[in-house]
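The values are calculated or read from the model by the stated rules, or taken from the named source; none is laboratory data. Treat the numbers as computed from the prediction; the structure is a model and nothing was measured. When we count neighbours, we look across all protein chains shown, and the Cβ atoms used for this are built from the backbone with ideal geometry, even at glycine. Quick note on the areas: whole protein, heavy atoms, side chains included, nothing else; ligands and nucleic acids left out. Shrake-Rupley method; radii C 1.70, N 1.55, O 1.52, S 1.80 Å.
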Amino acid sequence: MDYYSFRFDTEASNIPILLAFLGEQPFDAFEENEDHLMAYIPTSLYEENLLDYIKELNQRFDFSMTQTHIPSKNWNAIWEAGFEPVVIDDFCRVRASFHAPSSNFPYEILIDPQMAFGTGHHATTTLCIQMMRDLDIAGKTVFDYGCGTGILAILADKMGAKEILAIDIDPASVENTIQNIGLNGGNSFSVKEGDLDIAGKNQYEIIIANINRNVLLERIPALNKQMKLEGFLILSGFLIEDEEKMLDRCKSSGFKLIQQASRGKWLCMVMQKEKEVAPIA
Amino acid sequence: MAKEVGGFIKLQVKGGQANPAPPVGPALGAKGVNIMEFCKRFNAETQDKQGKVLPVIITVFTDKSFTFIIKTPPAAVQLLEKAKLKKGSGVPNRDKVGSVTWDDCKAIAEDKMADLNAFSVESGMKMIAGTARSMGLLVKGTPPWETNE
């Protein structure tokens, strides 16, 4: 994703104040320095009236501003060049294309992650993979909601899934999933950019969602609609402290808890759809 | 053996909105840290503060691992929130459209005491009130030390 950076040169006492006012605008993040403030906004969220807002601020606070376009880049390249393969129990090994293959594991997945999430290094991905190990995925339809690198969709394919839909709202993740599918082979995939609405009225037997608490809480009722009765939902990307909220939302959305596991601060749950529930409008 | 610190990175990131783009991407990427792991952890820990500007101090170790501390929003951000201003006021000292109370200043001073260069809550409150005025906000009421006289 391309970004604009705005550099505000001003006296030190103005910097926290500018930060507060600019925080009201759709900037993602800031960097405070001694004599200037940097503010960053995705080009997709940039609108002309932001400049009007800045002009208005400039009438009250003395600063000079420069705007720079920052093209999308793989900022993760240094880490990626040195990452070690990940082994999850004796079940699955995740490696990059520059690592030597190993035949010691039932499943081996190739991931060149770039700017997408999911290499198996993170507890939330590891937990999903462990939960998938315990499910019978062969011959099933699978929906990977928030696919990142595509790691979980690729594992589902290797475990024999019949048909897989992988979606993500992040275009870089969709692109990366397609690349990683290319590295691993398989032809049961459909990869799309967007949110739940692009899944249409299809119902799946297994849904995997490694996202975050707020998105999951909001979408769990809608995920009920995307799932066949008695299908399994793997939820990950939230903390142990969020357990009660997640359980409550799942129960009120027609799911029952089958299994859960934690790793560090992270919790992962497997739910089963018990009944149909109308999603919250 | 304790890990060797390779450096500190201080950023202000909106809760739940860390992503691998600038400034997070280049700052962490240059040190060889797995940016995606930071984003996932930061976003998970700030789900209750979605969209709020949060200072985060990241300690990067020489083995490319990291830890981070998320602080409460900066004083000026909290003041704006208290004043419930959707938009800044006009000219400070002349066109004041928002206001905060001394109680607000006290609450923020207590919250930010560790970051303020102040010896007492009272001097912290004066600093916060000064920031409020610089932002164009009225500080309403009488400071507690005057009512006690």
### Query
Consider B:Thr62 against the criteria (1) within 27 Å of A:Asn210 (Cα to Cα); (2) open to solvent by 30 Å² or more (accessible area, probe 1.4 Å); (3) among the polar types (S, T, N, Q): it satisfies all of them except one. Which criterion is unmet?
(1)
### Message
Restricting to segment A:102-124, name every residue that is farther than 22 Å from A:Trp75 by Cβ, in contact with a strand residue (DSSP E or B) (Cβ under 8 Å, 6 or more places away or on another chain) and among the polar types (S, T, N, Q).
### Response
A:Ser102, A:Asn104
### Summary
From the option list A:Glu80, A:Glu56, A:Glu34, single residue qualifying as assigned to a loop (DSSP other than H, G, I, E, B), free of Cβ contacts under 8 Å to residues at least 40 places away in the same chain and either at the interface with chain B (Cβ under 7 Å from one of its Cβ atoms) or not basic (Lys, Arg) (or both) is A:Glu34
### Task
Please find, among B:Lys71, B:Lys31, the residue that is in contact with a Gly (Cβ under 9 Å, 6 or more places away or on another chain) and of a type in the set (Lys, Arg).
B:Lys31
### Summary
Conditions (1) touching a strand residue (DSSP E or B) at 6+ places or on another chain (Cβ under 6 Å); (2) more than 11 Å from chain B (Cβ to nearest Cβ) -> A:His99 fails only (1)
### Query
Do the conditions hold for A:Ile234, that is, is it closer than 20 Å to B:Asn43 by Cβ, among the hydrophobic types (A, V, I, L, M, F, W, C), open to solvent by less than 40 Å² (accessible area, probe 1.4 Å) and touching a residue at least 60 places away in the same chain (Cβ under 8 Å)?
yes
### Task
Taking A:Ile151 as the residue in question, decide whether it is β-branched (Val, Ile, Thr), within 28 Å of B:Phe66 (Cβ to Cβ) and away from chain B (no Cβ under 14 Å).
no
### Task
Considering (1) part of a loop (DSSP other than H, G, I, E, B); (2) in contact with a Phe, Trp or Tyr (Cβ under 8 Å, 6 or more places away or on another chain); (3) surrounded by fewer than 24 Cβ atoms within 10 Å (Cβ to Cβ), say which one A:Ile181 fails and leave the rest.
(1)
#### Entry: segment B:6-16 - residue that is of a type outside the set (Gly, Ala, Ser), open to solvent by less than 70 Å² (accessible area, probe 1.4 Å) and touching a Ser or Thr at 6+ places or on another chain (Cβ under 9 Å) and, of those, farthest from the other protein chains (Cβ to nearest Cβ)
B:Ile9
### Query
Would it be correct to say that A:Tyr107 is at pLDDT 90 or above, under 15 Å from A:Ile154 (Cβ atoms) and surrounded by 16 or more Cβ atoms within 10 Å (Cβ to Cβ)?
yes
### Query
So A:Phe117 fits all but one of (1) modelled with pLDDT of 95 or more; (2) open to solvent by 20 Å² or more (accessible area, probe 1.4 Å); (3) of a type in the set (Phe, Trp, Tyr); what number is the exception?
(1)
### Query
Filtering segment B:1-42 down to residues that are free of Cβ contacts under 8 Å to residues at least 24 places away in the same chain and assigned to a loop (DSSP other than H, G, I, E, B), which residue is nearest to the chain's Cα centre (by Cα)?
B:Pro23
### Task
Say whether the condition of being in a strand (DSSP E or B) and within 14 Å of chain B (Cβ to nearest Cβ) is met by at least one residue in segment A:83-93.
yes
